[in-house]
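Some notes on the structure that comes next.
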Amino acid sequence: MTEVVHAKQSRERANAGTARVAAIHTEADGVVSLVLTDPAGGRLPDWAPGAHIDLVLPNGCTRQYSLCGDRWDARSYRVGVLREPASRGGSAYVHETLREGELVGLGGPRNNFPLVPARRYLFVAGGIGITPLLPMIAQADLLEADWSLLYGGRTRKSMAFLDELARYGERVRIAPQDEVGLLDLPRFLGEPREDTKVYACGPGPLLDAIAVTTSGWPRQAVRTERFTARDRAAGVRDTSFELTLARSGRTVVVGPDQTVLEAVASTGVDVLSSCRQGTCGTCETTVLAGRPDHRDSILDDDEQQAGDCMFPCVSRALGDRLVLDL
Amino acid sequence: MTTLLSAPTIDADPFCDEVLADPIPLQRALREAGPVVHLSTYDILAFARYEQVHAALVDWQGFQSGAGVGLANFRKEPPWRPPSLLLEADPPRHDAPRRVLQKILSPRALRTLREKWLADAEALVDEVLGDRSGTVEIDAVPELTESFPLRVFPDAVGIPAQGRENLLPYGDHLFNSFGPHNHLIEAGEPRAGELLAWTTAQCRREVLAAGGFGADIWAAADRGDILPEQAPLIVRSLLSAGVDTTVHGLSALLHAFATHPGQWARLRADPALARVAFDEAVRWESPVQVFFRTATRDIEIGGRTVPDGHKILMFLGAANRDERRWGAGADRFDLGRDPSGHVGFGMGIHQCVGQHVARLEAEALLTALARRVEHLEPAAPPRRHLNNTLRSWESLPLRARIA
Ligand code: FES
């Protein structure tokens with residue numbers, strides 16, 4: 001026999017991981033940027049260049065976008081969104097339907113593409129691939145590293161953030177395809193050097209070309225990220241689901257406005273937590289059944305796929321039921 | 001500075017011997033004085049309430065660590081050792097070292113150590129208690145709370161057995177160095193150079209055993225995730241921050257149980273409480289009592305402005321007993337409390353990266369003790385060891401009734 005407890009909903013705040021669309025700006029043909037803030041005006045979780053967030057759109061689509069704002073501003077995130085020609089509801093929704101003031105679900109930030117220390121950086125961006133590189137460039141500049149950027153796109157008008165890059169002068173090379181043709185990677189990258197790291201983000205063909213050009217480089221010197229966001233199953237974070245605590249034999253319904261951690265606590269079972277932001281790892285819990293909807297900043301994408309553990313301070317369930325080892 | 005003086009002023013020196021021996025009365029006075037207090041002895045602003053301490057800890061943009069987390073301001077004076085890449089660095093320099101260490105010390109990475117540490121703790125407890133029955137008197141500091149971390153942690157890092165006795169005095173001096181230049185610092189100075197040299201020597205690649213945390217850090221350098229010259233400094237962070245703090249956390253834990261006998265019975269009835277117990281002890285005694293930050297601009301907090309470049313002093317121990325956050329029983333060690341959110345490990349991007357290691361050590365030792373000991377009580381008054389940063393112990397005589 002299990003005992004079903006309907007946990008009290010916490011009133012002070014909306015969902016863990018909800019953001020307000022504070023502003024939408026047109027950045028180029030087919031590119032908008034979203035400025036996201038905490039609905040209560042608080043700090044958003046910390047991040048570092050290369051990090052992305054999961055955005056859960058009001059239509060249920062979950063998409064990943066690189067953060068491209070200023071991490072010294074703790075109260076807003078910025079992401080750039082390209083309208084994909086073959087959009088299945090993510091970018092088309094952002095471009096056509098999403099309005100300033102609306103609420104969206106937020107997961108992460110997570111970082112699979114961190115900026116590692118180096119004396120010299122070569123950045124290569126293709127199209128919207130510029131977004132994760134923008135904050136990297138800002139930091140390389142701050143650290144007075146020797147860096148340069150080669151930025152390609154179809155046409156100058158389709159390339160976002162050119163005005164922001166203008167202040168770096170000579171270090172930035174803008175190379176629209178209709179003006180100069182394909183990027184001259186061999187010339188830009190040159191010979192491998194001990195002190196150099198290459199960071200590149202863009203469409204598959206560009207990254208393939210970089211792989212060919214740098215085949216003689218040490219593997220760890222070249223770091224790339226494909227911007228085509230991996231689709232994830234639609235999140236159900238905003239609806240209730242049933243949570244079973246296997247060891248204590250309790251079942252509780254996790255309401256839409258409550259974290260799993262709060263729901264567990266309402267059954268009288270203790271889970272130690274600390275940051276309550278999915279960053280410290282204190283509340284790590286083993287998942288016995290069901291698929292977690294990961295919202296933490298700790299697990300990398302592969303670890304998230306494994307689905308064998310979760311951080312109940314922020315993460316939820318993708319399905320109707322989750323069983324935890326508690 | 002009108003902004004400084006407009007806060008309520010307290011004249012007490014938080015680093016004088018009486019306060020270090022018993023900081024609780026000053027903590028209470030600071031919390032009562034207001035959200036922001038002016039400490040006239042050092043002409044700095046201080047926070048002792050949970051709300052402001054928490055807010056300052058998470059605001060790395062406004063309160064930097066790179067100018068030193070002690071009283072010394074690295075903007076104006078050179079540090080006594082090369083600054084830590086973790087504790088005494090801000091983003092972006094802080095990012096890569098933190099990221100590497102966080103992965104190596106994550107709960108998932110520690111799973112492989114769990115069984116071994118549980119067995120090690122049982123072996124140690126058996127050595128200390130022997131096959132005696134009835135009542136046994138021990139000094140918990142040398143026999144358990146120092147010996148257990150020194151038994152398992154340096155092995156986990158991968159340093160050689162020889163010279164491990166240097167770890168405690170090195171850590172003691174390091175944590176003293178965050179305070180003012182008082183007699184505690186002076187007492188440590190004659191050996192400081194030698195201890196720093198020994199510690200630095202343990203951080204070299206060829207010294208560190210394969211499979212340990214230290215070798216993992218060097219492997220991260222091979223992967224290009226950090227620069228090779230950063231690796232020894234990151235290993236040094238483990239050796240600096242990973243021993244004394246845990247030793248005093250464990251002492252606090254046993255002191256808490258000895259002075260709250262009902263809680264020991266509760267733990268014996270439900271050994272799963274061991275994890276919560278350690279965090280409750282860290283809240284209750286706060287092994288790291290204080291840390292400083294430096295304002296990066298004029299920044300408002302608690303209704304006052306901290307001027308750019310000024311040091312602030314955060315009383316972590318006081319915040320962890322703030323009744324505004326923990327309720328009327330804040331001074332009690334209580335396993336029924338949820339200690340989550342205490343700032344004993346800090347909070348935000350500098351939150352103790354070794355906290356999962358410390359929790360595992362505590363869980364192992366406590367589980368082993370709870371199995372064999374029916375009742376714990378003080379055998380004599382404990383003796384404090386004074387340190388500018390740590391709530392620290394020299395001796396903790398306990399009487400244990402064997403089950
Ligand atoms: S409490 Fe920090 S990850 Fe959940």
**Request:** Can you give me the number of residues within region B:198-242 that are without any contact (Cβ under 8 Å) to a residue 60 or more places away in the chain and part of a helix (DSSP H, G or I)?
**Result:** 17
**Flag for A:SER91 being buried (at least 23 other Cβ atoms within 10 Å of the Cβ) and within 17 Å of the chain's Cα centre (by Cα)** = yes
**Asked** Does region B:386-402 contain at least one residue that is over 22 Å from the mean Cα position of the chain (by Cα) and outside any strand (DSSP E or B)?
**Response** no
**Prompt:** Do we have any residue at all in region B:274-285 that's surrounded by fewer than 24 Cβ atoms within 10 Å (Cβ to Cβ), without any contact (Cβ under 8 Å) to a residue 12 or more places away in the chain and out of contact with any strand residue (DSSP E or B) (no Cβ under 7 Å at 6 or more places or on another chain)?
**Reply:** no
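Taking the options A:TYR151, A:TYR121, name whichever one is surrounded by 23 or more Cβ atoms within 10 Å (Cβ to Cβ) and within 14 Å of chain B (Cβ to nearest Cβ).
A:TYR121
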**Prompt:** Conditions: (1) at the interface with chain B (Cβ under 9 Å from one of its Cβ atoms); (2) polar (S, T, N, Q); (3) away from the ligand (no atom under 13 Å from the Cβ). A:THR251 meets all but one. Number of the miss?
**Reply:** (1)
**Asked** Taking the condition part of a loop (DSSP other than H, G, I, E, B) and away from every other protein chain (no Cβ under 14 Å), does B:ALA89 pass?
**Response** no
**Item:** Residue list for region A:295-309, restricted to those being within 13 Å of the ligand (Cβ to nearest atom) and within 17 Å of A:PRO109 (Cβ to Cβ)
**Value:** A:ARG295, A:ASP296, A:SER297, A:ILE298, A:LEU299
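Could you tell me whether B:ALA29 is assigned to a helix (DSSP H, G or I), over 18 Å from B:PRO287 (Cα atoms) and more than 14 Å from chain A (Cβ to nearest Cβ)?
Details: assigned to a helix (DSSP H, G or I): yes; over 18 Å from B:PRO287 (Cα atoms): yes; more than 14 Å from chain A (Cβ to nearest Cβ): yes.
Criteria met by B:ALA29.
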**Complete:** Across (1) within 14 Å of chain A (Cβ to nearest Cβ); (2) outside any helix (DSSP H, G or I), B:ARG266 clears everything bar (2)
**Prompt:** Does region B:269-281 contain any residue that is more than 13 Å from chain A (Cβ to nearest Cβ) and in a loop (DSSP other than H, G, I, E, B)?
**Reply:** no
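Quick one: in region A:100-117, of everything that is small (Gly, Ala, Ser) and under 9 Å from the mean Cα position of the chain (by Cα), which residue is nearest to the other protein chains (Cβ to nearest Cβ)? Even if it seems obvious, please write down each step before you answer.
First, pick out the residues of region A:100-117 that are small (Gly, Ala, Ser): A:101, A:105, A:107-108.
Keeping just the survivors that are under 9 Å from the mean Cα position of the chain (by Cα) gives A:107-108.
Numbers: A:GLY107: 19, A:GLY108: 15 Å.
That would be A:GLY108.
Say we look at region B:326-380 and pick out the residues that are of a type in the set (Phe, Trp, Tyr) and more than 27 Å from B:ILE104 (Cα to Cα); which of these is nearest to the chain's Cα centre (by Cα)? Spell out the reasoning first.
We begin by selecting, within region B:326-380, every residue of a type in the set (Phe, Trp, Tyr); these are B:326, B:333, B:345.
Still in the list and also more than 27 Å from B:ILE104 (Cα to Cα): B:326, B:333.
Working: B:TRP326: 20, B:PHE333: 18 Å.
Step by step, filter region B:326-380, then rank; the result is B:PHE333.
Yes/no matrix, rows are residues, columns are (1) outside the structural domain of A:GLY60 (by TED's automatic domain parsing); (2) touching a helix residue (DSSP H, G or I) at 6+ places or on another chain (Cβ under 9 Å); (3) closer than 26 Å to B:ALA358 by Cα:
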position	(1), (2), (3)
A:GLY281	yes, yes, yes
A:GLU284	yes, yes, yes
A:VAL287	yes, no, yes
A:ARG291	yes, no, no
A:ASP296	yes, yes, yes
A:ASP308	yes, no, yes
A:ARG316	yes, yes, no
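Give the residues of region B:339-352 that are of a type in the set (A, V, I, L, M) and either within 13 Å of the ligand (Cβ to nearest atom) or at the interface with chain A (Cβ under 7 Å from one of its Cβ atoms) (or both), sorted by residue number. Please lay out each step first, then the result.
Taking region B:339-352 first, the residues of a type in the set (A, V, I, L, M) are B:343, B:347, B:349.
Passing the criteria: B:MET347, B:ILE349.
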**Prompt:** Here is a list of conditions, (1) within 16 Å of the ligand (Cβ to nearest atom); (2) within 24 Å of B:VAL100 (Cβ to Cβ), and A:PRO292 meets all of them except one; can you say which number that is?
**Reply:** (2)
**Request:** Within region B:32-61, track down each residue that is more than 17 Å from B:HIS342 (Cα to Cα) and either assigned to a helix (DSSP H, G or I) or aliphatic (A, V, I, L, M) (or both).
**Result:** B:GLU32, B:ALA33, B:VAL36, B:VAL37, B:LEU39, B:ILE44, B:LEU45, B:ALA46
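Of everything in region A:267-289 that's under 24 Å from B:PHE278 (Cβ atoms), more than 11 Å from the ligand (Cβ to nearest atom) and of a type outside the set (Gly, Ala, Ser), which residue is nearest to the other protein chains (Cβ to nearest Cβ)?
Within region A:267-289, the first condition is being under 24 Å from B:PHE278 (Cβ atoms), and the residues that meet it are A:267-286.
Keeping just the survivors that are more than 11 Å from the ligand (Cβ to nearest atom) gives A:267-270, A:286.
Imposing the further condition that a residue be of a type outside the set (Gly, Ala, Ser) reduces the set to A:267, A:269-270, A:286.
Working: A:THR267: 13, A:VAL269: 10, A:ASP270: 6, A:THR286: 11 Å.
Filtering region A:267-289 for residues that are under 24 Å from B:PHE278 (Cβ atoms), more than 11 Å from the ligand (Cβ to nearest atom) and of a type outside the set (Gly, Ala, Ser), the one nearest to the other protein chains (Cβ to nearest Cβ) comes out as A:ASP270.
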**Residue among B:GLY242, B:GLY249, B:GLY193 that alone is more than 14 Å from chain A (Cβ to nearest Cβ), crowded, with 19+ Cβ neighbours inside 10 Å and out of contact with any Ser or Thr (no Cβ under 9 Å at 6 or more places or on another chain)** = B:GLY242
**Prompt:** Under 6 Å by Cβ, and 6 or more places apart or on different chains, what pairs join a residue from region A:144-158 that is in the same structural domain as A:LEU133 (by TED's automatic domain parsing) with one that is assigned to a strand (DSSP E or B) and small (Gly, Ala, Ser)?
**Reply:** A:TYR151/A:ALA125; A:GLY152/A:GLY126; A:GLY152/A:ALA175; A:SER158/A:ALA28
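Going through region B:92-112 one residue at a time, which ones are more than 7 Å from chain A (Cβ to nearest Cβ) and of a type in the set (Ser, Thr, Tyr)?
Step one: filter region B:92-112 for residues more than 7 Å from chain A (Cβ to nearest Cβ), giving B:93-94, B:97-98, B:100-105, B:108-112.
Selection gives B:THR112 alone.
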**Prompt:** In region B:317-324, is there at least one residue being touching a Ser or Thr at 6+ places or on another chain (Cβ under 6 Å) and within 14 Å of chain A (Cβ to nearest Cβ)?
**Reply:** yes
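One line per residue, one yes/no per condition, for (1) more than 18 Å from the chain's Cα centre (by Cα); (2) at pLDDT below 90:
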| site | (1), (2) |
| --- | --- |
| A:ALA14 | yes, yes |
| A:ASP29 | yes, no |
| A:LEU36 | no, no |
| A:PRO45 | no, no |
| A:CYS61 | no, yes |
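Table: residues versus (1) closer than 23 Å to B:VAL36 by Cβ; (2) at pLDDT below 95.
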{"residue": "B:GLU323", "(1), (2)": "yes, no"}
{"residue": "B:ALA330", "(1), (2)": "yes, no"}
{"residue": "B:GLU361", "(1), (2)": "no, no"}
{"residue": "B:VAL373", "(1), (2)": "no, no"}
{"residue": "B:ARG384", "(1), (2)": "no, no"}
{"residue": "B:PRO397", "(1), (2)": "no, no"}
{"residue": "B:ALA403", "(1), (2)": "no, yes"}
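The values are calculated or read from the model by the stated rules, or taken from the named source; none is laboratory data. Here the structure is a predicted model, which is why all the values come from computation and not from measurement. Cβ atoms come from the backbone with ideal geometry, glycine included; neighbour counts cover every protein chain shown.
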